[in-house]
Each structure stands twice: as C-alpha cells, then as structure tokens.
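Student: Sharing a structure here in structure tokens format.
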Amino acid sequence: MRITIFGTGYVGLVTGVCLAEIGHSIHLHDIDQAKIKLLKSKKIPIYEPGLLKLFKKHLKAKNVQIDSDPYKALQASSIYFICVGTPQLSNGKPNLKYLLDVSNNIKDYIDQNRSNRKTFIVLKSTIPPGTTKELQTKIFKEDTYKNIHLGSNPEFLREGNAVYDFMNSERIVIGSDSAEFIRTLQRIYSPFTKKSKIHVTDPQSSELIKYGSNAFLATKISFINEISKLSDKVGGNIDLVAQGMGMDARIGSEFLNAGLGYGGSCFPKDTQALAYTFSKNKIPSKIIQSVIDINNEQKIYFFNKILDRFSKKELKSKSLLFLGTAFKPHTDDIRESVGISLINMISPIVKRVTIFEPIAKENSINALSKLNNVRFQKTRTPSINKNYDFMILATEYPMFLKIPYQNFKKLKDKVVFDGRNILNKDKLKKNGIEYIGIGK
Ligand code: UDX
C-alpha cells in the first residue's frame, strides 16, 4: 500500500524503511530541509544498526521517496503516519505543535481538494491519553470529515534495536473507534501477524498502553535503584538481589539493572508527560513522580560516592578516565544522558576528564564544548594508562567487559567507579583494584 510518513526521526525513518521492507511504497516527509537533503544523498541523520542498509536498498528499489514539499507528501497517499516529535515543555507537558501542524496541513489539503477519498491518519508519535479524541473533535470533526479515519498506533522501539524491534514486535497496538481504520492497519501489518499479536483497542487505551509501558519499565529501573541504596547500606549485592527477584516470572529479570538510572529521549520525557497528564486530570500520581525523583537522585548518589572516596582537595589534582557518554550502548544519542550530566558535575572539581565513547563521540564533543578540561580518546578501544588516577564507567557497552583486568592496575589510584555495575568486582579486587559500584 502507498503510505506517507510525516517526520523522519528515530521513529519515522525506522517505520518508513521497515514498512517498505514488508512491501509498502513509502513517501517520507520532513520540514527539516537539512534532514531531507541528507536523506536524498542516501545518508541517514541517526545511528541505528541496520537502518542505513535497508534505507539504501529501498531507495534504490524506489519503494521510498523523499520530499519536503507537504503537498507532494499529501498527494502521494491517503494513509498518513504521523511520527513527529512531541518534546516536553518545561512543566513536562508534551509539545504537540508539530502534530497539530501536520494535522492542519492534512485538513487544509482535504478542504482544498474536496476529495471524498478515504483518508487514514495514524498517530504513531507518543501523545497524551485523549489526544486522538481531541484531534477528532477539534480538527477532524466527524460530521464534516466523514471520510477521515483517525487512530493511535504507538511504537515500542528501543534505540539501538529499533529495526529489530519493528520487524519483531511482540505486539502491534491499534487504537481507533473506526472499524475501517482498524481493518486498514491490520492489512498494513498483515506480514507480521505470524510473530506479532495485534491488539485492538479504543484510542485512549492505546495511548495509555504506550505511556503505561514506558512508565512501568522506568518504574522497574527506579525500583531496583532504590533497593540498591539499601543493599549498599546492609552490605548486599544488588546483582544477586535482581537475579533472585527476576526468577519470579511475574517480576522478570529484564530492566532490573541497578546503576546510574535511565536517560534517553523516552523514559524521562514520557514519565514527565504522564505525571503532567495525571495533574492535568487532577489525579495525584505518587508512583510516577517518585520514579522521576529517584532517577534524578541516583546520579547524585553515585557522585557522592566519588566525594566519599576522594576529598575535593585531592580531586583538584586528579585526572579521570571516563568510559561512555551515550545514554545507552549502540546509539549516538546523548539526550538526557546520565554520563553527560556526571561529566558536567565532576569536570569543575578535577584536573582533567578524558572520555572514551565509541559511538556518540561527535554529539558528546558538541555537548561538552564549554568544558575546557575535557578531552576525548581517539583510539577504537579505551586506552588505560598511568596518565589517569581513577576511572568512571557510565555506559554499559559490552566492549568494556573485554578490557583485560590487569589494565586497570595502570590507574595511579587503582580505583574504578562502575556506574552500570557491569565489571566483575571479584576479578578487579583480585587484581588489587578498588571497585565501587552501586548496591554492591
Ligand atoms: C525505551 C523503551 O525500552 C522502548 O520500548 C520505548 O519505545 C522507548 O523507550 P530506549 O529509551 O531507547 O527505549 O532505551 P532502553 O533500552 O529502554 O534504556 C533506557 C535507559 O534505561 C538507558 O539509559 C539504560 O541505560 C537504562 N536502563 C535500562 C537501566 O538503567 N537499567 C535497566 O535495567 C535497563
């Protein structure tokens, strides 16, 4: 089927390319001319494993067209996937400006063309519960726009795994009051029905599934992080605690890794948006707000471990090796990255910070450009030597597990702060290294 995608970011580009992969003909639109220019030159503006190869394949096969002209995008199909950003405003409220701009463009186009062809508007952007209904009542009034079919179709893509997640999603959620909308999306996703469950709901429930899922995953992380502080206090090992808890199928072992807490463009934004939506509906949200608070406190809890180990006077002359600034492994995204926040906290009180970051280096250099005692290693793997007094690990890259343990002995103070609890404490201790994790 012919489908137009509005927004070519982490969600739109992955959605467009993967829908092309299952046989659809895709028209990509974005208002960002730089992005469109890049895409037309067969490049992609994000780092997402496997995406570039698929994008080039379908560009070549002409299954994917790219245009910044909204008219052409609207003309190209009558199925519109809206994948524009809904960034948070200062009070946590999601900014729906881009969503409303696209929606009004669609409405104007339909008004001008008086076409009575059926039009399907698929809301894939993460939107507050009730937004689909609001668009239905405020812009696409049912009595005027009988042929407009609206619905919610949230994505559950993890950055760094987005292509895999799209092609192997456990569930496809379709939320609409229009039977035609539901039928159309079931046709679009039919190649996936063998491995994905199609879950049909009303629009509000679909929107709540997205927020509820992300907020629950964030809750698991803040939960184990809160337990990690008690584990530190009583001398437990939070890894063993998480493993023991995860053996209960009702709890599950995923997303119980204690550490510096979550970053990225989703959990922070979506938990804030959910807390905002609760307050807007005058319902106290105790759990969500504490998930946010615990996550914000976790990096300070870790930072205080450094201040407990070294006095401020000592730190002034220390040179620090810092591993990982991406908000998670295998992505160039540093939005709400805890590593970046930590560097901003520690750089002013140490002599120098040397960073090793394999994927998100460019973005990190820009984000930290104001700090004059920060530099980046140019090597492909982290080089640990006596130029550094101690080390901090902030991103859980598997490659850091391959560092030979004796290399850490070259650190002058032989102290390692493991913000993601991934290094082997016993092996480091055997090599005479002082290991400081979270909850261990
Ligand atoms: C998340 C959801 O997983 C995905 O379903 C949703 O569509 C978008 O948001 P993403 O933000 O890309 O995906 O990354 P994710 O892998 O979920 O990690 C988020 C953050 O949590 C990272 O900073 C990671 O370091 C941290 N994390 C993850 C933990 O601190 N502990 C864990 O156990 C898991």
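The values are calculated or read from the model by the stated rules, or taken from the named source; none is laboratory data. A quick note: this is a predicted structure, and the numbers were derived from the prediction, not measured. Virtual Cβ from ideal backbone geometry, glycine too; neighbours counted across all protein chains shown. Protein only, heavy atoms only, side chains kept; ligands, DNA and RNA dropped before computing areas. Shrake-Rupley method; radii C 1.70, N 1.55, O 1.52, S 1.80 Å.
Student: What does the helix-only formula give at 222 nm for the chain: each DSSP H stretch with n ≥ 4 adding -39500 (n - 2.57), the total divided by the residues, and the result rounded to the nearest 500 deg cm²/dmol? List each step's numbers first, then the result.
Tutor: On the way: 16 runs with 184 residues, N = 440.
So the calculated ellipticity at 222 nm is -13000 deg cm²/dmol.
Student: Taking 0.36 nm per intervening residue step and subtracting the Cα-Cα distance, what contour gain separates residue 104 from residue 69 on full extension?
Tutor: On the way: separation 35, 0.36 × 35 = 12.60 nm, distance 1.49 nm.
That pair, residue 104 and residue 69, stretches by 11.1 nm at full extension.
Student: Need one number: nm distance between label points at residue 314 and residue 255, each 7 Å from Cα along Cα→Cβ, rounded to one decimal.
Tutor: Placing both labels 7 Å beyond Cα along the Cβ direction yields 3.8 nm.
Student: How about region 189-279: which GluC sites (Glu not before Pro) there are in a DSSP loop, with at most 15 other Cβ atoms within 10 Å of their Cβ? Show your work: numbers first, answer last.
Tutor: Working: sites: 207, 226, 254; in loops: 254.
Taking region 189-279 and a limit of 15 other Cβ atoms within 10 Å, the loop GluC sites (Glu not before Pro) found are 254.
Student: How large, in Å, is region 230-371 by the Kirkwood hydrodynamic radius built from its alpha-carbon pairs?
Tutor: Details: mean 1/r = 0.0576 Å⁻¹.
About 17.4 Å, per the Kirkwood formula over Cα pairs.
Student: Taking the solvent-accessible surface of protein heavy atoms with a 1.4 Å probe, what is the per residue accessible area of region 195-332 in Å²?
Tutor: On the way: 6680 Å² over 138 residues.
Ligands and nucleic acids excluded, the result is 48 Å² per residue.
Student: May I pose another question? If the cut-off is a Cα-Cα distance under 19 Å, which lysines reach residue 37, setting aside same-chain residues fewer than 8 apart in sequence?
Tutor: 53, 56, 57, 60, 62, 72
Student: Under the rule a/c < 1.5 gives rounded, and otherwise a/b versus b/c splits prolate from oblate, where does region 1-157 land using the Cα gyration tensor?
Tutor: Details: a/c = 1.88, a/b = 1.32, b/c = 1.42.
Oblate shape, in that a/c is at least 1.5 and b/c is the bigger or equal ratio.
Student: Local charge sum around residue 245 (other residues, Cβ-Cβ under 12 Å, Lys/Arg +1, Asp/Glu -1)?
Tutor: Details: positive: 220, 250; negative: 239, 248, 254.
Result for the neighbourhood of residue 245: -1.
Student: Karplus couplings for region 415-423 from phi (6.51 cos²θ - 1.76 cosθ + 1.60, θ = phi - 60°), rounded to Hz, Gly and Pro as x?
Tutor: Result, rounded to whole Hz: 10, 10, 9, 9, x, 10, 6, 9, 7.
Student: Could you compute the FRET efficiency for residue 375 and residue 196, with r as their C-beta to C-beta distance and R0 at 45 Å, rounded to 0.05?
Tutor: Working from the Cβ atoms, E equals 0.50.
Student: Continuing with the same structure: Can you pull the three principal axis extents for the Cα set of the chain, in Å, largest first?
Tutor: The Cα atoms of the chain stretch 75, 47, 40 Å along their principal axes.
Student: Now, a different point. Using every Cα-Cα pair within region 42-88, state what percent have a distance larger than 11 Å.
Tutor: Values: 822 of 1081 pairs.
Summing the P(r) tail past 11 Å for region 42-88 gives 76 percent.
Student: Report the semi-axes of the equivalent ellipsoid for region 76-178 in whole Å, largest first, where each axis is √(5λ) for an eigenvalue λ of the Cα gyration tensor. Before the final figure, lay out the partial values.
Tutor: On the way: eigenvalues 123, 61, 31 Å².
Ellipsoid half-lengths, sorted descending, are 25, 17, 13 Å.
Student: Given 0.36 nm per residue, what is the gain on full extension from residue 300 to residue 138 after removing their alpha carbon distance, in nm? Don't jump to the answer; show the numbers that get you there.
Tutor: Working: separation 162, 0.36 × 162 = 58.32 nm, distance 4.40 nm.
Computed gain between residue 300 and residue 138 is 53.9 nm.
Student: Also, quick follow-up: Just the accessible area for residue 55, please: 1.4 Å probe, Å², rounded to the nearest 10?
Tutor: 0 Å²
Student: Compute the distance in nm between two label points, each set 7 Å from the Cα along the Cα-to-Cβ direction, one at residue 240 and one at residue 90.
Tutor: It is 4.8 nm.
Student: Determine, for each peptide in 344-351, 413-420, the mean count of other beta carbons within 10 angstrom over its residues, then list the peptides with the highest first. Mind showing how you got there, number by number?
Tutor: Working: 344-351: 15.9, 413-420: 21.4.
Highest-to-lowest ranking by the protection proxy: 413-420, 344-351.
Student: Can you return the aspartates and glutamates within cross-link range of residue 316? Criterion is Cα-Cα under 16 Å, with same-chain partners fewer than 8 residues away left out.
Tutor: Leaving aside aspartates and glutamates fewer than 8 places away in the same chain, those within reach of residue 316 are 308, 389, 413.
Student: Just to be sure I understand the model, the point goes 7 Å from the Cα along the line to the Cβ. What's the resulting residue 57 to residue 293 distance in nm?
Tutor: If labels sit at residue 57 and residue 293, their model points lie 4.9 nm apart.
Student: When the Cα centres of region 172-249 and region 68-134 are compared, how far apart do they sit, in Å?
Tutor: 25 Å
Student: Of 43/378; 133/210; 370/414; 229/440; 313/370, which ones are farther than 19 Å apart at the Cα? If you can, show how the numbers build up before the last one.
Tutor: On the way: 43/378 24 Å; 133/210 16 Å; 370/414 29 Å; 229/440 9 Å; 313/370 23 Å.
In this structure, 43/378; 370/414; 313/370 exceed 19 Å between Cα atoms.
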